[in-house]
Amino acid sequence: MEMLRVDNIVKQYAGHTALDNVSIQTKKGEIFGLLGPNGAGKTSLIRIINQITGPDSGQIFLEGREIKRSDIEFIGYLPEERGLYKKMKVRDQVMYFARLKGLTKTEAKKRLEYWFEKFEITSWFDKKVEELSKGMAQKIQFIITVLHDPKLLILDEPFSGFDPINTELIKREILALKEKGTSIMLSTHNMNSVEEICDSIALINKSKLIVEGGLKEVKSQYRSHTYAVQFKGMMFGFANALFADFSLEHSEQIDDDTAVAHVKLLKENKLNDLLKTVMPVVEIESVHEIMPTMNDIFIQAVTEDSGESIKQEGGEDE
Amino acid sequence: MSKIGLIINREYTSRVKKKSFIVLTILVPILIGAVGFAAIWIGMKEQKHFKVLVSDPDDICGGKIFVGQDEHPPATFYFTPDDLGPDLFDTEEYKDYDVYVGVGKNTITNKTIKAIHRDEPNLNTQKYISNKLEMRLEEYFAIDQGVSLTTYRKIKQSFKFVLQDIEDIDGENDSDRKAKAQAVGFAFSILIFVFLMVYAGQVMRGVLEEKTSRVVEIVVSSVKPFELMMGKIIAIGLVGLTQFLIWIVLIIVILLGVQAFFLADMDPAAIQAMTETQMGTELTGNAVGNDNEIAALIFEQIQWPVLLTLFVIYFLGGYLLYGSIFAIVGSASDSETDTQQLIIPVMIPLMFVYFISFSILGNPDGPAAVWGSQIPFSSPIIMLQRVAAGTVNGVEVAISVVLLIGTFIFTTYLAAKVYRVGILMYGKKASWKEIFKWLKH
């Protein structure tokens, strides 16, 4: 079931295009990773979804119908640049934001107490924000984002500035919200967390969408058909057997007669062909495919895209 | 409560609960009360009885001065036929006397009475001594010249020059009274100027604070930027009105309290003497009767309900106008230092208007005053002077108010456009050129 659909969004600022015909789609109950280098246009897109700014053209659909102003009550947004009113007491502050999201006073109070008890921070109620540490303030910001029980949660760099313990806590909460059926859009540079929690991703570079899909499909799309082969025997003989059909990318001696080789299949060759080639010369112990990490995919996709755009720009000059 | 209501509520309560607001709101009336208290207290303290020794070798006064039926005269006169001079007066023999006055034939010729004092008598006592002596010398002079005292006093009366406007020939609006009434309006001008600076400045700092603390993006994900900006501007305006209202009430209460505390035990003559003294120091008038004129001005000629209503209207209008411009500056800046540069083009005209408000004193019908009271950027500061002076009609005021309202709607519209772009531009200060570009978005 579709949660959010972004159709052909274009946004231009004086002198540059922030989003160039970007379309993405997220499913209900999934964690969607919105990736891209700094300045790619992620925050611009997030602000448009949150109706903080409007697009020059294109449409946004929430649960299949075009988004309207009142829908912001169904969205929880944790911006990358976030802060709180320094002089305001924690309790008043959370109540204020909850009520701005349309909760009644009683409902807001009930949920505030639930979250504060859950995080065991009820002693902070009467503290002013300026008395809190950065990590403490970020917990409050997280509570403010989720207090009104949004259907769609948009988190822009949610882990930046958190220590590892709090990062784990927030990660756990994000997964718990997903279990409850909340759809989550996560913008982050932390590729490890993308691997850990995202179901699908979109990669934006220089205002354009360059990669989109489920995490598994994207990984499969970017697989390099490289296998790690562990064997007993001589590395020299193994390498010689490969000829021009395979490429030895990396090798490592584990002990006197055991080694691991990373072999990339070239041309139309399959794993079976590789095994047939090397089985006569060494004794194979194990074989597994080396899948690209999100980090590899990110770097590869962005570099290739930037390379192409540089080429295109060069071509135009000629 | 609507979202803008929630914003107004937060912005308003967070400000009126601030210590600085409470201190300032209570302290100002107390200070004004304290000044009034001190003035009366000093006045009372100086009510020392003076012994005046009149050295009269030519026997001009004949050893007596008519003092009337004053039960508590501030001074008593004593006479000596010896020609003392300052040196002898300074000896042990005359140490009981506070003031020495030398009177002789040449006093009549020179029309100058010289008095030497130890402790300086207050203005009231000075006036008493000089009045009584002058009257006695006039008697002598009239008889010496062979005219009756009544004739002499008739001749002595000076001519009064009365300037009248052809439009107002019945004389109700003479220029002298107008100037004095305008001075009351001037006080309101200055008050509006100060309020505009303080509260428009608060709008600017409030916007900047939300931007630098990065809370603004969280807020505008729940409310429209326009709602946030208007909520803030309205709330701060209400804070200003609250402060003004509290001041008015407290000042009245404190002044009444001071009056009741001090004046209850005093006899009416002393009160009158004191009032004369105070009025005498405030105005350049030299004859008894000035106090009545001022009292009439303040209590009868100034239309307080009109003036106070217009004060509120012009304060709100001017505040919304300048508040929205200050909001532009706050949203386009990234630090307090940035605002100082961006605010210069706004402050120069405002300071210019401030100086104009001084230059039109005494000339509430001049071109500067007439134009200044219509142009929306200056009318909140200038118009009240003309209203107090009574030189404008309702139509002029209505035009000026409509112009002001129209202009602040326009500046608010512009501010909203700049604000929604500016508040999310982190880490850079925009120039006025860029701000104009944002308007085209």
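Packing, taken as the mean count of other beta carbons within 10 Å per residue, orders the peptides B:209-221, A:51-63 from highest to lowest as B:209-221, A:51-63. Label-to-label distance for A:Ala239 and A:Glu63 is 6.2 nm, based on points extended 7 Å past Cα in the beta-carbon direction. Please go through the residue pairs B:Lys211/B:Lys437; A:Lys208/B:Lys211; B:Lys3/B:Lys428; A:Lys151/A:Lys171; A:Lys206/B:Lys232; A:Lys86/A:Lys180 and name each one whose alpha carbons sit more than 26 Å apart in this structure. Checking Cα-Cα distances, A:Lys208/B:Lys211; B:Lys3/B:Lys428; A:Lys206/B:Lys232; A:Lys86/A:Lys180 exceed 26 Å. Put simply, the convex hull of the Cα atoms in region A:179-318 casts, on average, a shadow of 12.5 nm².
Run the numbers on chain B and let me know its relative contact order in percent, using alpha-carbon pairs under 8 Å that are six or more apart.
Details: 501 pairs, mean separation 91.8, N = 441.
For chain B, the relative contact order is 21 percent.
Within 10 Å of the Cβ of each residue in B:210-216, the mean number of Cβ atoms contributed by other protein chains is 5. Per residue, chain A reaches -11000 deg cm²/dmol at 222 nm when only DSSP H runs of four or more residues are counted, each adding -39500 (n - 2.57). Compared with the dominant principal axis of the Cα atoms in chain B, helix B:379-389 is inclined by about 30°.
For region A:89-131, the pair-distance distribution built from all alpha carbon pairs, in bins 5 Å wide starting at 0, is 6, 26, 31, 25, 12, 2 percent. Taking the Cα centre of the protein assembly as shown as origin and assigning +1 to Lys and Arg Cβ atoms and -1 to Asp and Glu Cβ atoms, the resulting dipole is close to 1820 debye.
Shielding by partners for peptide B:217-230, expressed as the average number of C-beta atoms from other protein chains within 10 Å of each residue's C-beta, is 6.
Quote the FRET efficiency, to the nearest 0.05, computed for B:Phe355 versus B:Arg214 with a Förster distance R0 of 30 Å and r equal to the Cβ-Cβ distance.
Working: r = 40 Å, r/R0 = 1.33.
The pair B:Phe355/B:Arg214 has a calculated efficiency of 0.15.
Dividing the helix sum by the residues of chain B, where each DSSP H run of 4 or more adds -39500 (n - 2.57), gives a mean residue ellipticity at 222 nm of -22000 deg cm²/dmol. Can you return the lysines within cross-link range of A:Lys232? Criterion is Cα-Cα under 17 Å, with same-chain partners fewer than 8 residues away left out. Leaving aside lysines fewer than 8 places away in the same chain, those within reach of A:Lys232 are A:Lys276.
Taking every residue in A:76-89 and counting other chain Cβ atoms within 10 Å of its Cβ, the average works out to 5.
Arranged from highest to lowest average of other beta-carbon atoms within 10 Å per residue, in what order do the peptides B:397-403, A:162-168 appear?
Values: B:397-403: 16.3, A:162-168: 13.3.
Highest to lowest by the protection proxy: B:397-403, A:162-168.
Across q = 0.05, 0.06, 0.07 Å⁻¹, the protein assembly as shown modelled as identical point scatterers on its alpha-carbon atoms has Debye log10 I(q)/I(0) values of -0.49, -0.62, -0.74, in the order of the q list. Cα-based values for region B:50-149, radius of gyration first and Dmax second, are 13.4, 42 Å. Positive-end ranking of B:Val101, B:Leu361, B:Ile30 along the dipole of the protein assembly as shown, with charges on Cβ about the Cα centre, is headed by B:Ile30. Relative to the first principal axis of the alpha-carbon coordinates of chain B, what is the inclination of helix B:175-212, with its axis defined by its Cα atoms, in degrees from 0 to 90 and to the nearest 10? Around 30 degrees separate the two axes. Taking chain A as the reference, fit the longest principal axis to its C-alpha atoms, fit the long axis of helix A:134-146 to the helix C-alpha atoms, and give the angle between the two in degrees, 0 to 90, nearest 10. Computed tilt is about 80 degrees. For region A:112-201, the relative contact order comes to 29 percent (Cα pairs under 8 Å, sequence separation of at least 6).
The count of lysine pairs in region B:50-149 whose Cα atoms are under 18 Å apart, excluding pairs fewer than 8 places apart on the same chain, comes to 13.
Throughout, read-outs are computed from the coordinates displayed, never taken from laboratory work. Nothing here was measured: the structure is a model prediction, and the numbers come from that model. Methodologically, a virtual Cβ is constructed for each residue, glycine included, from the backbone with ideal geometry; neighbour enumeration extends over all protein chains shown.
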